[in-house]
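What follows is calculated from the coordinates using simple rules that are stated; it is not laboratory data. If you're wondering where the values come from, they're calculated on a predicted model, not measured in any experiment. Please note: Cβ atoms are built from the backbone with ideal geometry, for glycine as well, and neighbour counts cover all protein chains shown.
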Amino acid sequence: MKRMIFFVAIVLLASLGFWFIMKKNSGVYERNDEKIPSPYQAYQPVTPAYQGTDFSIEEICSTNISLSASPNPVKAYESVNDQIIINCARGDDETSKGDNQYYKIAGNGTITDSLYVKYSGFWTVLIDSFTVATKESEAYFTSWPLNGDTTRKRFRVYNADFSMPGPELEATWEKATRESQYHFVRAYVNNRVFTRALYYCKGGEWNTLWKKTPGYESERDSESAMRYQNDLYRSGDNDPTLQTDVQLEYFHQQDRIKYYHNIGGGAPATEAVGWRGTGFFKTTIDKKPFHFSIPDLVVEKERSDGFKTRLYGAKEPKSSVVLISTKFYHSPSGFALYAPDASKMYRIKPNQ
C-alpha cells in the first residue's frame with residue numbers, strides 16, 4: 001500500500017513538473033477567464049471600424065518601414081490655408097524605398113488631397129506653398145500644398161560652371177540669403193569634388209547658386225530646409241508613460257505571460273513576466289468624453305520612477321513588446337490625431 005501511495009505521488013509530481021515546464025515553454029503562466037465588466041464592454045479600439053454616435057475614426061496612414069530607417073515615419077506639421085500636412089514615409093519594400101506619401105487635412109478634419117512622391121534620387125521637402133525636390137543634377141518645385149497643382153517647374157541655376165569670381169560669388173550668396181523668402185543649403189561630393197548648393201526662393205520662383213568648397217561642409221541647422229517645418233505631432237513617440245490628460249479607467253487581465261524589452265543598440269533583451277490584457281481609457285476630444293480600448297496591453301509600474309504607468313503592446317507570449325503611446329494631437333478646430341505606435345496614425349473627428 002505504501003509503495004502504491006509512493007508511486008502515485010511520484011507520478012503526480014512528475015506530471016506537475018511536466019505541466020510547469022510546458023507552461024514555461026509556452027510563455028503563458030496563468031489565465032484569467034473572468035468576463036470584462038459590463039461598463040467597459042462598449043469600449044472599442046481606435047480603428048476605422050470604430051462605431052459610435054459621437055466620433056468617427058479614419059486611418060490616415062499605415063507603413064511597415066523599418067524603424068531603424070525612420071523612427072518617426074508619420075509626421076504632422078502646419079501648412080498654408082490653415083491645413084495640416086501628414087507625411088508618411090514609405091519604403092515597405094525595395095520598390096518604395098525613399099518614397100513619401102503626403103496628405104492634406106483641412107481645418108474641419110477632412111482629408112482633401114494626397115500626393116505620392118517617388119524617391120528617384122530627389123530629396124523632397126514641403127515648405128509652406130511649395131513642394132521642393134533637389135538632387136545634385138537637378139531640382140524642381142510645385143505649388144501642390146497651396147492649390148493642388150503638381151506641375152514641375154525647374155530651378156533657375158547660377159554659377160553651374162563655377163566661373164564666378166570669389167568676391168562676386170560671396171556677395172551674390174549673401175544677397176540671395178538676405179533677400180530670399182526661403183533658402184536652404186545642401187552639400188554634395190562627386191569624384192572628390194566638394195560643392196554646396198544654395199537653394200532660394202524669391203518672387204515665387206526657386207533658384208540654385210553653386211560654389212565649390214575645399215572639403216565637405218555639412219549643412220548647419222540655420223541652413224536646413226527642415227527649419228521651415230513646424231512639427232505638430234509624430235508617430236514613434238518614445239514615451240510609453242500614460243499622459244496626464246488620459247485616464248486608464250480599468251485594466252482587464254487576461255493572461256500572465258513572459259515577454260521581453262529590446263532596447264536595441266546591441267544591448268541584450270531583458271526578460272519580464274506580467275499580465276497582458278485590455279486597457280480601457282478615457283480622454284476628451286472637442287470637450288466630449290472619448291472612450292477607447294487597447295488590446296494585447298502590458299501595464300508596468302516601477303518603484304524606481306514613482307510608479308508611473310507605462311504601456312506596452314505584446315502580440316504574442318515570449319515576444320518583444322512595443323511602446324504604446326497615449327499622446328494625442330488636439331486641433332483647435334476640434335478633431336484629433338492619434339498614433340498609438342510608430343507605424344500608423346488616425347484622425348478622430350467629432351460627429352456633428
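Before moving on, here are some points about what is shown:
- Scanning the stretch 129-139 for residues that are buried (at least 17 other Cβ atoms within 10 Å of the Cβ) and in contact with a Phe, Trp or Tyr (Cβ under 7 Å, 6 or more places away or on another chain) returns PHE130, THR131, VAL132, ALA133, THR134, ALA139.
- Counting only strands (runs of 3 or more DSSP E) that sit wholly inside the stretch 226-305, those with at least 1 residues that are charged (D, E, K, R) and under 23 Å from the mean Cα position of the chain (by Cα) are 231-234, 270-285, 288-301.
- In the stretch 24-66, the residue that is nearest to the chain's Cα centre (by Cα) out of those that are of a type in the set (A, V, I, L, M, F, W, C) and loosely packed, with under 15 Cβ neighbours inside 10 Å is ALA49.
- The residue pairs whose first member lies in the stretch 316-335 and is surrounded by fewer than 18 Cβ atoms within 10 Å (Cβ to Cβ), whose second member is among the small types (Gly, Ala, Ser) and assigned to a loop (DSSP other than H, G, I, E, B), and whose beta carbons are closer than 6 Å, counting only pairs six or more residues apart or on different chains, are PRO317/GLY27; LYS318/GLY27; SER333/GLY107.
- Hits in the stretch 260-298 (condition: among the hydrophobic types (A, V, I, L, M, F, W, C) and within 30 Å of GLY334 (Cα to Cα)): PHE280, PHE281, ILE285, PHE290, PHE292, ILE294, LEU297
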